[in-house]
Amino acid sequence: MSENVIEIRGIIRDFKLGQETVHVLKGIDLDIKKGEYVAIMGSSGSGKSTLMNILGCLDTPTAGSYILNGKDVSQMSDDELADIRNTEIGFVFQTFNLLPRTTALDNVALPMIYAGASKSERLQRASEVLTDVGLADRMDHKPNQLSGGQRQRVAVGRALVNKPSIILADEPTGNLDSKTSLEIMDLFDAIHANGNTVIMVTHEEDIAEHAKRIIRLRDGMVSSDITKD
C-alpha cells in the first residue's frame, strides 16, 4: 500500500477559447503523502485553481494520470467522481458555500445524506464535528446569524463530517479579517495534528507558512517544492 494519498503524473489541462487552445497546466508530477500539510501557491494565472479543481475531482485533466488513495480517478465517470468527492475529499471554500436557510447542524450533516447515513447518525456526527470546531453553542444558528469566522468553521465542519482522506481548502481565509484568519488557521493546524492530510491553495505567504510543504506554480508548471524541517 502506497504511503501517498495523491500521485499525479504528467497532468495537462487545456481549455479551448474559440479557435485558441489555452495550455493552463503543462505536465505536472506530484506526490502527496498521507498526513501531509501542503500549501499550493502561485500568482493569478499560474494554474493553482485548475490544479485544485483536478485534485478535488471537480475537473478532469486533458492528459495524465491521477491516483487518489490507490484509485485512478483520471478515467472515472461523472457519477464515480461525485462519489469520490463525497467520500474522499472535504472541501472548504473562500465563500463558505453554506445553505442560507439551513442551521449550522444541518449544513454540516448534508454530505452524510449523500453518503446514505441515517438521520440519527448524521445528527450525532454533525454535532460532534461542530463541537470539535468550537461551535457547540451555535448548532441551531443559520449562516446569517453567524460571523464570517463562525461560517468558515461550519464549512470546515462540513468538510470533516465524512472523515475524508484529504481536506482541500481554496483560499480559506480570503474573506476574513486577519484576527479571524489566524483563528481559522489554528483550526487547520489542529486538523492536521489529528492526522488529516490538508492541501490549501493560497496567495498569502503568512497563511502558507502554516503548511509544512509549499509548492509554487508558475505558468502551469511546478517552479519550486519545499518541505520544511
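Roughly how many debye, to the nearest 20, is the charge dipole of the chain about its Cα centre, given +1 on each Lys and Arg Cβ, -1 on each Asp and Glu Cβ, and no other charges?
340 debye
Compute log10 of I(q)/I(0) for the range 137-213 with the Debye formula, placing one identical point scatterer on every Cα and leaving out solvent, at q = 0.11, 0.15, 0.21, 0.22 Å⁻¹, to two decimals.
Listed by q, the Debye log ratios stand at -0.27, -0.51, -0.99, -1.07.
How big is the antiparallel share of DSSP beta bridges in the chain, given as a percent to the nearest 5?
Taking every DSSP beta bridge with both residues in the chain, the antiparallel ones total about 55 percent.
Translational diffusion coefficient, Stokes-Einstein: compute it for the range 98-229 using the Kirkwood radius over C-alpha pairs as Rh, at 20 °C and 1.002 mPa s, and state it as an integer in µm² s⁻¹.
The calculation lands on 136 µm²/s.
Could you work out the mean projected area of the convex hull around the alpha carbons of the range 20-142, in square nanometres to one decimal?
Computing the convex hull of the Cα atoms and averaging its projections yields 10.1 nm².
List the extent of the Cα atoms of the range 147-188 along each of their three principal axes, largest first, rounded to whole Å.
Result, largest extent first: 29, 16, 15 Å.
On a C-alpha basis, how far is the centre of the range 78-121 from the centre of the range 1-72 in Å? Whole number, if you could?
Centre-to-centre distance over Cα atoms comes out at 23 Å.
Work out how much length ASP83 to ASP189 would gain on full extension: take 0.36 nm times their residue separation and subtract the Cα-Cα distance, in nm to one decimal.
35.4 nm
Send over a whole-number figure in Å² for the accessible area per residue of the range 1-59, probe 1.4 Å.
48 Å²
Quick one: divide the alpha-carbon radius of gyration of the chain by 2.2 N^0.38 Å and tell me what you get.
1.01
Semi-axes of the equivalent ellipsoid of the range 1-92: what are they in whole Å, largest first, if each equals the square root of 5 times a C-alpha gyration tensor eigenvalue?
Over the Cα atoms of the range 1-92, the semi-axes work out to 22, 16, 13 Å.
The values are calculated or read from the model by the stated rules, or taken from the named source; none is laboratory data. Keep in mind it's a predicted model, so treat the numbers as computed, not measured. Neighbour counts run over all protein chains shown; Cβ positions are idealised from the backbone, glycine included. What goes into the accessible areas is simple: the full protein's heavy atoms, side chains included, and nothing from ligands, DNA or RNA. Shrake-Rupley method; radii C 1.70, N 1.55, O 1.52, S 1.80 Å.
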